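The values are calculated or read from the model by the stated rules, or taken from the named source; none is laboratory data. Bear in mind that the values here come from a model prediction, so they are computed numbers and not experimental data. Cβ coordinates were reconstructed from backbone atoms using ideal geometry, including for glycine residues, and neighbour counts include every protein chain displayed. To get the accessible areas, we keep the full protein, side chains included, count just its heavy atoms, and leave off ligands, DNA and RNA. Shrake-Rupley method; radii C 1.70, N 1.55, O 1.52, S 1.80 Å.
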Amino acid sequence: MISRRQTLSLLGATAAALALPSIRPARAAAATTFRIGWQKNGVLALAKRKGSLEKRLADRGISVEWSEFTSGPPLLEALGAGALDFGGTGDVPPLFAQAANGNLLYVGQYSGSPEGSAILVRKDSPIQTLADLKGKKLAFKRGSSAHNVAVKALRKGGLTVDDVQALDLAPPDASAAFKTGAIDAWSIWDPYLAIAEADPDTRILTTARGLLDSYSYFLGNADFTKDNAQVIVDVLDELAKVGTAAQTNLDDTVAALSEITGVPADITRVTLTRPDFNLGAVSTITDAAIAYQQGLADEFYGLGIVPKKLAITDIVWRPKAS
């Protein structure tokens, strides 16, 4: 069993830590610092622990600064405003950031497992099928990848978001509401999913398997990326190396991520051994990912979730051939 203290240790990044004024404003051209927005999971977390990016960029005279976030939307708000240079997020947050004219670019991608996202209910809940969600309180962070899972799952059940009581809750608030029964269902991603899943009173209603592809993205501030293209190339290359090494030695990786997140090693191992999960699958943006993201943008515009039509290729960066 995971204690409430352990859960809150992972979930409880404070509002003060996320406040944009605490992050230094943008600067022009040849940067001497590289400012990263990160969440407590995946290859960025491992790179932070190992100091890999610090070592890789040292010869360029560039130091690295890290700012922690609990979800993608506020991270991309900071990135688009020029308060960060680089960060990772799921598939939906970039749509909202682009619609808000955030000054950012897709610079890379990484993959996860569809089983790493799910809709949860309590074990004794009368909700047995997706159709049973009608009229129920379903929590997810608006503008996050969990929002996409909710939309797709409800559609599979013959429903829309309008058929449920959708609650916009960040992971810490949703976790507390789920534990107390204040919500009926929760759409969430790893490692929060794995923590909740370990509770014997929790049941998975559906994972994202068969609902969507598991694309996530690295984004860069547009000005920084254009002025420091080789830094982005080096960072993506280093993250791929860190991820590949981590994937080939999962015992050490489990221990490292457990130390970073405060999540017990057995729970961390669950997240790293889900089907198709691959820490080393870091690359620049592929045509398949662009097509996926464009389809998602069109769908969310059609549903009235994103306020305007988007052309994903408008903000895709590709390194120039050397």
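One line per residue, one yes/no per condition, for (1) under 17 Å from residue 39 (Cα atoms); (2) modelled with pLDDT under 95; (3) open to solvent by less than 10 Å² (accessible area, probe 1.4 Å):
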{"residue": "192", "(1), (2), (3)": "yes, yes, no"}
{"residue": "205", "(1), (2), (3)": "no, no, no"}
{"residue": "212", "(1), (2), (3)": "no, yes, no"}
{"residue": "215", "(1), (2), (3)": "yes, yes, no"}
{"residue": "233", "(1), (2), (3)": "no, no, no"}
{"residue": "240", "(1), (2), (3)": "no, no, no"}
{"residue": "271", "(1), (2), (3)": "yes, yes, no"}
{"residue": "276", "(1), (2), (3)": "no, yes, no"}
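Output the residue which, of all residues in segment 168-182 that are within 13 Å of residue 195 (Cβ to Cβ) and either among the aromatic types (Phe, Trp, Tyr) or open to solvent by 50 Å² or more (accessible area, probe 1.4 Å) (or both), is modelled with the lowest pLDDT. Spell out how you get there, then give the answer.
Keep residues of segment 168-182 that are within 13 Å of residue 195 (Cβ to Cβ), which gives 171-172, 174-176, 178-179.
If we keep only those that are either among the aromatic types (Phe, Trp, Tyr) or open to solvent by 50 Å² or more (accessible area, probe 1.4 Å) (or both) as well, we get 178-179.
On the way: 178: 97, 179: 94.
Looking at residues that are within 13 Å of residue 195 (Cβ to Cβ) and either among the aromatic types (Phe, Trp, Tyr) or open to solvent by 50 Å² or more (accessible area, probe 1.4 Å) (or both), I get 179.
Residues in segment 217-231 that are among the aliphatic types (A, V, I, L, M) and open to solvent by less than 30 Å² (accessible area, probe 1.4 Å): 219, 222, 231. Under the condition of being closer than 19 Å to residue 93 by Cβ and small (Gly, Ala, Ser), the residues counted in segment 218-246 number 2.
Out of 124, 132, I need the residue that is part of a loop (DSSP other than H, G, I, E, B), under 29 Å from residue 186 (Cα atoms), open to solvent by 50 Å² or more (accessible area, probe 1.4 Å) and touching a strand residue (DSSP E or B) at 6+ places or on another chain (Cβ under 9 Å). Which one?
On the way: 132 fails: part of a loop (DSSP other than H, G, I, E, B).
Sole residue among the options that is part of a loop (DSSP other than H, G, I, E, B), under 29 Å from residue 186 (Cα atoms), open to solvent by 50 Å² or more (accessible area, probe 1.4 Å) and touching a strand residue (DSSP E or B) at 6+ places or on another chain (Cβ under 9 Å): 124.
Pairing each residue of segment 93-105 that is under 12 Å from residue 300 (Cα atoms) with any residue that is open to solvent by 50 Å² or more (accessible area, probe 1.4 Å), provided the two are 6+ apart or on different chains, yields C-beta distances under 7 Å for 99/307; 99/308.
If you check residue 225 against the conditions, is it modelled with pLDDT of 95 or more and under 24 Å from residue 119 (Cα atoms)?
Working: modelled with pLDDT of 95 or more: yes; under 24 Å from residue 119 (Cα atoms): no.
When the stated conditions are applied, residue 225 does not pass them.
Would you point out the residue of segment 298-312, among those that are surrounded by 16 or more Cβ atoms within 10 Å (Cβ to Cβ) and closer than 21 Å to residue 210 by Cβ, that is farthest from the chain's Cα centre (by Cα)?
Within segment 298-312, the subset surrounded by 16 or more Cβ atoms within 10 Å (Cβ to Cβ) is 299-301, 305-306, 310, 312.
Next cut, closer than 21 Å to residue 210 by Cβ only: 299-300.
Working: 299: 20, 300: 18 Å.
Per the criteria, the residue is 299.
Report whether or not residue 283 is small (Gly, Ala, Ser), under 17 Å from the mean Cα position of the chain (by Cα), closer than 30 Å to residue 124 by Cα and open to solvent by 30 Å² or more (accessible area, probe 1.4 Å).
Working: small (Gly, Ala, Ser): yes; under 17 Å from the mean Cα position of the chain (by Cα): yes; closer than 30 Å to residue 124 by Cα: no; open to solvent by 30 Å² or more (accessible area, probe 1.4 Å): yes.
Spelling it out, it is not the case that residue 283 is small (Gly, Ala, Ser), under 17 Å from the mean Cα position of the chain (by Cα), closer than 30 Å to residue 124 by Cα and open to solvent by 30 Å² or more (accessible area, probe 1.4 Å).
Taken as a whole, the condition of being in a loop (DSSP other than H, G, I, E, B) and at negative phi applies to residue 318. Restricting to segment 53-70, and then to whatever is open to solvent by less than 10 Å² (accessible area, probe 1.4 Å) and under 19 Å from residue 107 (Cα atoms), can you tell me which residue is farthest from the chain's Cα centre (by Cα)? Residue satisfying both the conditions and the ranking: 57.
Against the conditions (1) without any contact (Cβ under 8 Å) to a residue 24 or more places away in the chain; (2) crowded, with 18+ Cβ neighbours inside 10 Å, residue 293 satisfies every one except (1). Note on segment 247-269: among residues that are open to solvent by less than 60 Å² (accessible area, probe 1.4 Å) and among the polar types (S, T, N, Q), the one that is modelled with the lowest pLDDT is 261. Filtering segment 72-120 to residues that are modelled with pLDDT under 95, crowded, with 24+ Cβ neighbours inside 10 Å and either out of contact with any helix residue (DSSP H, G or I) (no Cβ under 8 Å at 6 or more places or on another chain) or in a loop (DSSP other than H, G, I, E, B) (or both) leaves 90, 91, 92, 112.
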